[in-house]
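*Asks:* Quick one: structure below, then a few questions.
The values are calculated or read from the model by the stated rules, or taken from the named source; none is laboratory data. Because the structure is a prediction, the values reported are computed rather than measured. As a convention, Cβ positions derive from the backbone with ideal geometry for all residues, glycine included, and neighbour counts pool all protein chains shown. Keep in mind that these areas ignore ligands, DNA and RNA; they rest on the heavy atoms of the full protein, side chains included. Shrake-Rupley method; radii C 1.70, N 1.55, O 1.52, S 1.80 Å.
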Amino acid sequence: MENGQLSHPRTAALSLKAVRERRPEVGLISVLKARGTVDASNAPEFSAALAEHVERADIAGEHAVLDMTEVYLASAVAVRSLDRATGNLAFSGRSLPVVQPRPHVREMLRLAGLQGVRVHATMASALHALEDRRPVRPEPGVRR
């Protein structure tokens, strides 16, 4: 703090990394870990990477998850990018689990009311929601 002005955190470059995992409760998941700042300068990159991530997970039969634990700032443009990237999910009645966005990002997502996004406080709660959506497969020889 200098001359009575509040100090502001520096914006961090956006970093995106996809990680595939097998979880006993839901099977294969593909987690896109976002880190840094999502703003007007990189929102198109974020949107394209997320849309590709969701599409690849669908093709591979995996559950897509977005981990925003380390996203320090997300502008309104970022929210619109997220909406664009999850539009097909919303259209088909599905949603993308978004894990642990910071309070200001979480509030922005809540206010936006994106149909293709479900915010979770932890990875465990996101996995639990995926487990609840998993189709029940009948046992061999059992008719329903």
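*Asks:* Conditions: (1) at positive phi; (2) exposed (fewer than 13 other Cβ atoms within 10 Å of the Cβ); (3) at pLDDT 90 or above; (4) not basic (Lys, Arg). Val19 meets all but one. Number of the miss?
*Replies:* Failing condition for Val19: (1).
*Asks:* Do you know which of the residues in the range 50-68 that are surrounded by fewer than 19 Cβ atoms within 10 Å (Cβ to Cβ) and of a type in the set (A, V, I, L, M) is nearest to the chain's Cα centre (by Cα)?
*Replies:* Ala51
*Asks:* Listed residues Val105, Val99, Val71; which is surrounded by 20 or more Cβ atoms within 10 Å (Cβ to Cβ) and closer than 18 Å to Ala129 by Cα?
*Replies:* Result of the check over Val105, Val99, Val71: Val99.
*Asks:* Exactly one condition in (1) at pLDDT below 90; (2) open to solvent by less than 10 Å² (accessible area, probe 1.4 Å); (3) under 22 Å from His128 (Cβ atoms) is false for Glu25; which is it?
*Replies:* Checking Glu25 against (1) at pLDDT below 90; (2) open to solvent by less than 10 Å² (accessible area, probe 1.4 Å); (3) under 22 Å from His128 (Cβ atoms), the one that fails is (2).
*Asks:* Something else now. Could you please find all residues in the range 83-115 being touching a strand residue (DSSP E or B) at 6+ places or on another chain (Cβ under 6 Å), touching a residue at least 24 places away in the same chain (Cβ under 8 Å) and farther than 11 Å from Met68 by Cα?
*Replies:* Thr86, Leu89, Leu96, Leu109
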